[in-house]
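If you scroll down you'll find the structure; I have some questions about it.
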Amino acid sequence: METPPPYGPPPYDLPPFTAAAVQASPVYLDPGATVDKAVALIAEAAGNGATLVVFPEVFVPGYPYWNWTMNPVQGSPWFERLHRASVDVPGPHVDTLRAAARQYGVVLVIGVNERGPNSLGVLYNTLLTIGPDGEILGIHRKLVPTWAEKLTWTGGDGSSLRVHRTPVGPLGALACGENTNTLARFALLAQGELVHASCYIALPVAPADYDMAEAIAVRTAAHSFEGKVFSVVACSTVSPEIIDLLAGDDEELRALFGRPRSALSGIFGPDGRPVTPPLVDDEGIVYAEIDLGRCIQPRQMHDITGHYNRFDVFHLEVDNRPRRPVTFTAPFSAPATTALPEEDA
C-alpha cells in the first residue's frame, strides 16, 4: 500500500473557529519586552474567542528599516544591534511564546529574527508556527529576502515549505514578499492548505508610488481566490518610538516613517474578499469567524491543485532537503587515548 502524504487526507469535520490578525508595533530591538507584549496580545485575542492568532513578520524584535534609509556602512552597527537582540530557536524567548500558546490554547504564528546557529553573520527572517500544546510545528525561514533586506537576512531552504495539521485546519505561512512567489504559494496549496498566514511589516519607506496597504490586500486576495482558502494577514505598525530612534531630528525621515497606508491586516475568504473590514495603519486586532466548509463549493469551478490543472503538462518539484554549511560522513567520537612509550613516560 502506498504511504499517504505527510499532510494527510482533507478535513471534513472541522467546526468554525475564530481567527485573530494582530496589527501592532514591537518594543523595538527589545526581545524580552516584545515577547511580553505578544503574550498580552495572545491573552487578549484568546479572551475574545480566537483559537488562531497571527502576528506580523519579524515581530520580535523588529524590522531593519535602516537598510532602506542608510548606506551599508552606516547601517552596519544597526545590524550588530539587531543580531544581539535576535532570538535563538530553541531558546528562552521562544519558550515563553510556547508557554503562552499552551496556556491560552491557541495556534500561534509569529515572526522572529532568528540567529543562525553556525555563524555570527547569519540572521533569518523566521515564522514560528506553534500548536495549542506549545509544541513548535514549523520553523519557516523566508526563502528570499526582499530587495534591501538582503543586507540583513540569509535565505532559508525548502525544508520549511510545509503545511501543518493543526486544530484549526491545514495551515501554511509565508512572510511578506514570499506571498508574491507563485511557486511557493502553490507548494503550500498542493499540500492541502486551507488556512494561510501572511505576515508583513509596515513599509512606509517604499517608493513614493507604492501603496503598501493596497499591495497587501491584492496579494492576500489573490492567494485566497486562486487557492479557495482563508488568509489571515497580520502586519506590523511603526510606533513613535521607532520613528524617534531611527529618524531622530531628520524631518524628511520622520515624514517618511509616518506615511499613511503603510500597513493592513485582516482576514480574507475563499472568494478573495475580506470577511470583515481590514485594519489600516492603526494598532489593533481583527477578528473573524472562519468556516472551512466555504472552501468546497468554489473548487468545483477552479481547483488549481486538482481538476483545474494539467499535471501531465505542468510539474513542480520542490527540493526540501535542509541546507547545512558542512556535512560530515561519520559521527564524531571521543579521541582515542594512546599510552606514552616508556622512555617518554
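Taking the condition within 30 Å of Gly169 (Cβ to Cβ), open to solvent by less than 20 Å² (accessible area, probe 1.4 Å) and out of contact with any Lys or Arg (no Cβ under 7 Å at 6 or more places or on another chain), does Ser262 pass?
Spelling it out, it is not the case that Ser262 is within 30 Å of Gly169 (Cβ to Cβ), open to solvent by less than 20 Å² (accessible area, probe 1.4 Å) and out of contact with any Lys or Arg (no Cβ under 7 Å at 6 or more places or on another chain).
Another question, if that's okay. Sort out which residues of the range 51-75 are touching a strand residue (DSSP E or B) at 6+ places or on another chain (Cβ under 8 Å) and of a type in the set (A, V, I, L, M), and write them in order of number.
The answer is Leu52, Val53, Val54, Val58, Val60.
Out of the range 10-44, which residues are without any contact (Cβ under 8 Å) to a residue 60 or more places away in the chain and closer than 15 Å to Ile285 by Cβ?
Lys37, Ala40
Residues that are modelled with pLDDT of 95 or more and crowded, with 24+ Cβ neighbours inside 10 Å, at least 3 per element: which strands (runs of 3 or more DSSP E) completely within the range 150-253 meet that?
In the range 150-253, the matching strands (runs of 3 or more DSSP E) lie at 169-175, 195-200, 230-235.
Is it the case that some residue within the range 111-127 is in contact (Cβ under 8 Å) with a residue 60 or more places away in the chain, among the aromatic types (Phe, Trp, Tyr) and not in a loop (DSSP other than H, G, I, E, B)?
no
Can you tell me which of Gly272, Gly293 is under 30 Å from Gly47 (Cα atoms), in a loop (DSSP other than H, G, I, E, B) and either in contact with a Pro (Cβ under 8 Å, 6 or more places away or on another chain) or not hydrophobic (A, V, I, L, M, F, W, C) (or both)?
Gly272
Of all residues in the range 279-293, which are in contact with a Phe, Trp or Tyr (Cβ under 9 Å, 6 or more places away or on another chain) and open to solvent by 50 Å² or more (accessible area, probe 1.4 Å)?
If the condition is that a residue be in contact with a Phe, Trp or Tyr (Cβ under 9 Å, 6 or more places away or on another chain) and open to solvent by 50 Å² or more (accessible area, probe 1.4 Å), then Glu289, Asp291 are the ones that fit.
Looking at Ala33, is it under 14 Å from Ala101 (Cα atoms), out of contact with any Asp or Glu (no Cβ under 7 Å at 6 or more places or on another chain) and small (Gly, Ala, Ser)?
no
Scan Thr129, Thr152 and give me the residue that is farther than 26 Å from Glu193 by Cβ and of a type in the set (Ser, Thr, Tyr). Can you show your working first?
Details: Thr129 fails: farther than 26 Å from Glu193 by Cβ.
Going through Thr129, Thr152 in turn, just one is farther than 26 Å from Glu193 by Cβ and of a type in the set (Ser, Thr, Tyr): Thr152.
Between residues in the range 313-327 that are closer than 17 Å to Leu189 by Cβ and residues that are assigned to a loop (DSSP other than H, G, I, E, B) and open to solvent by 90 Å² or more (accessible area, probe 1.4 Å), which pairs lie under 9 Å by C-beta distance while being six or more apart or on different chains?
Asn320/Arg162
The values are calculated or read from the model by the stated rules, or taken from the named source; none is laboratory data. No experiment lies behind these values; they were computed from the predicted model shown. Don't worry about glycine lacking a Cβ; one is built from the backbone with ideal geometry, like all the others, and counts go over all protein chains shown. Ligands, DNA and RNA are stripped out before the accessible areas are found, and what is left, the full protein with its side chains, is counted by its heavy atoms. Shrake-Rupley method; radii C 1.70, N 1.55, O 1.52, S 1.80 Å.
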